[in-house]
């Protein structure tokens, strides 16, 4: 490139990735032109103690950033997430301990007070999410009425409602129904909001639903075939254990799943031969869903890395990464569940343009922005 690039010509505040947090002009400064500056800003090895300086924002917007997982980097947002994770875990433990008669009788009042406190917190959380959801980046949720109505039917909102519903149902009916108490265990699913691994599992199940359906269909066919054949071979020898095909299905299930409880076993020659063959087939049938799940996880990880890499390419497309863009990339890394090492590797390759990551092009001449270009400024020079 013949002329040095003037990186300050970029438009301040140019946000190409939709609505996000409010940032001050200082946050739209470049993090630096060296590769290390870019990598350290977007994927720091150690958590940053400093918070992003935000511009004026409404109270509803601020509450939205606090209650949204990864919505802000302030200590208040992180503390809120940690508090809810701890409270949910304690609630699950309390439900388990309440099932022990001796513990429940001795600490009944303490359990009740803790339940009232938990329901108060979870109800407040639900109402705050309902109030602030119109601040979401999702355009379908911004309408003050229909946006909130749509959010109430999302899976996580339904889980949030079910987390407090048993308490209010018990209060209204005046009966401490056992199944309502057990329903409190549904609160454990609130943790999926804070677990990228659980989110990835749900994404894999949705992605591979057709494959799992096909495997289940084959399993059902084999189960019916196995139950029919073992009934044919063993009915006369064991009329009690294999009285009919529905009763033989129990043997088919535990044999195909390679559990083999031994409560019903074939005794005839052909029954034993058939049972051995079904056991071998069962090993493959158990491995099939596991293989689908492993393949789906691998594909999801690749998709998440590619998505992060695309965001890095977009952030570096003008040759400059601002603190605002670095903050967004850091949030995205946590949302996607990528490790710091993975993110730093993607950032370094993208900035170097060494062929393993997307090349960064100059917005003026279309030339390649290599590592040397990012390193034009000395370590102490301002970006």
For residue 248, all conditions in the list (1) touching a residue at least 40 places away in the same chain (Cβ under 8 Å); (2) buried (at least 19 other Cβ atoms within 10 Å of the Cβ); (3) outside any loop (DSSP other than H, G, I, E, B) hold save one; what is the number of the exception?
-> (1)
Counted residues, the range 119-155 - those being surrounded by fewer than 13 Cβ atoms within 10 Å (Cβ to Cβ) and in a helix (DSSP H, G or I) | 8
Just give me the residues in the range 203-236 being farther than 24 Å from residue 257 by Cβ and free of Cβ contacts under 8 Å to residues at least 60 places away in the same chain, in sequence order.
-> 206, 236
Can we say residue 211 is surrounded by fewer than 17 Cβ atoms within 10 Å (Cβ to Cβ), assigned to a helix (DSSP H, G or I) and either at pLDDT below 85 or in contact with a helix residue (DSSP H, G or I) (Cβ under 6 Å, 6 or more places away or on another chain) (or both)?
-> yes
Evaluation of residue 185 against (1) surrounded by 16 or more Cβ atoms within 10 Å (Cβ to Cβ); (2) within 30 Å of residue 203 (Cβ to Cβ) (one fails), failing number | (1)
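Conditions (1) surrounded by fewer than 20 Cβ atoms within 10 Å (Cβ to Cβ); (2) assigned by TED's automatic domain parsing to the domain that holds residue 234; (3) within 30 Å of residue 222 (Cβ to Cβ), marked per residue:
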| site | (1), (2), (3) |
| --- | --- |
| 281 | yes, yes, yes |
| 288 | yes, yes, yes |
| 293 | yes, yes, yes |
| 305 | yes, no, no |
| 310 | yes, no, no |
| 326 | no, no, no |
| 343 | no, no, no |
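The values are calculated or read from the model by the stated rules, or taken from the named source; none is laboratory data. Given the structure is predicted, the values throughout are model-derived calculations rather than measurements. Virtual Cβ from ideal backbone geometry, glycine too; neighbours counted across all protein chains shown.
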